[in-house]
Amino acid sequence: MWFYKTPEGEEIGPVNGHKMVALIDDGALTETTPVRRHGASTWLEAWQTDRAGYLRHDDRQLAYELAVQPASLWRRLVAFAVDIVCYGVLGYAAVMAVLTMAANLLFQDLVFVIGVWVFVPVIVTFLYFIISLASRHQASPGMRLMGMHVYRLDSKPLGLWRSVARAFVFFLSAWAVVLLVMPFLNPRRRMIHDWATGTMVVAGLPPKALV
């Protein structure tokens, strides 16, 4: 749904995309008429919105593909920081739960405790990213907070196994610090796990979440 402003500055809407196109065709809206999508705070001129593909294309998937833009690096960094806090808290809670349940077992020795502290957070972290990326949002909680999602280059849903592969390659490549500069070296801001799984991190919401 859309809103637009009259020459007098009056805000009209909400109006659906088909009606907006009809208004443009009838001359009621010009190329410089301010418009914005429902839920957005930024006003654009109608020609900018149309070029993005949201007015003229009935196919929402095609419109989405035309509008895909790489997410900025600062957004990705903030999102990752939020995710670290989230899976850190979940990992700590899981460790405490395991140690509490095993408190009276004879095999809870130093090796067991160290193993729990090492492996449980790793498992929680993997599950955190796999489950969130395989969901319809195709984004971790940090990504959703920053208005991003993972886009599959063939435009299909990310899927479970691709989410698993993406998380696995990310944690393998994260040990090579030099690979962290990759987003600065390509226009799509893709990292090793993006190349390996045919994905990229983009701004905005996936098709099913569009209004």
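The values are calculated or read from the model by the stated rules, or taken from the named source; none is laboratory data. Just so it is clear, the structure is predicted and the values come from calculations on it, not from any experiment. Here the Cβ positions follow ideal geometry from the backbone for every residue, glycine too, while neighbour counts run over all protein chains shown. Only protein heavy atoms, including side chains, enter the accessible area calculation; ligands, DNA and RNA are left aside. Shrake-Rupley method; radii C 1.70, N 1.55, O 1.52, S 1.80 Å.
Could you grab me the full set of residues in the stretch 7-27 that are touching a Phe, Trp or Tyr at 6+ places or on another chain (Cβ under 9 Å) and not β-branched (Val, Ile, Thr)? Selection gives Glu11, Gly13, Pro14, Asn16, Gly17, Lys19, Met20, Leu23. Candidates are the residues of the stretch 98-121 that are surrounded by fewer than 12 Cβ atoms within 10 Å (Cβ to Cβ) and of a type in the set (A, V, I, L, M); the one that is modelled with the lowest pLDDT is Leu106. Scanning the stretch 133-165 for residues that are surrounded by 18 or more Cβ atoms within 10 Å (Cβ to Cβ) and part of a helix (DSSP H, G or I) yields Leu133, Ala134, Gly142, Met143, Arg144, Arg162, Ser163.
For the residues Ser163, Ser155, the requirement of being of a type in the set (Ser, Thr, Tyr) and within 22 Å of Leu127 (Cα to Cα) singles out Ser163. If the condition is being open to solvent by 80 Å² or more (accessible area, probe 1.4 Å), more than 19 Å from Arg75 (Cα to Cα) and part of a loop (DSSP other than H, G, I, E, B), then the stretch 175-202 contributes only Trp175. Against the list (1) closer than 15 Å to Gly204 by Cβ; (2) out of contact with any strand residue (DSSP E or B) (no Cβ under 9 Å at 6 or more places or on another chain); (3) of a type in the set (Phe, Trp, Tyr), the condition Trp175 fails is (1).
On inspection, Tyr128 fails the criterion of being modelled with pLDDT of 80 or more and either more than 21 Å from Val85 (Cα to Cα) or assigned to a loop (DSSP other than H, G, I, E, B) (or both).
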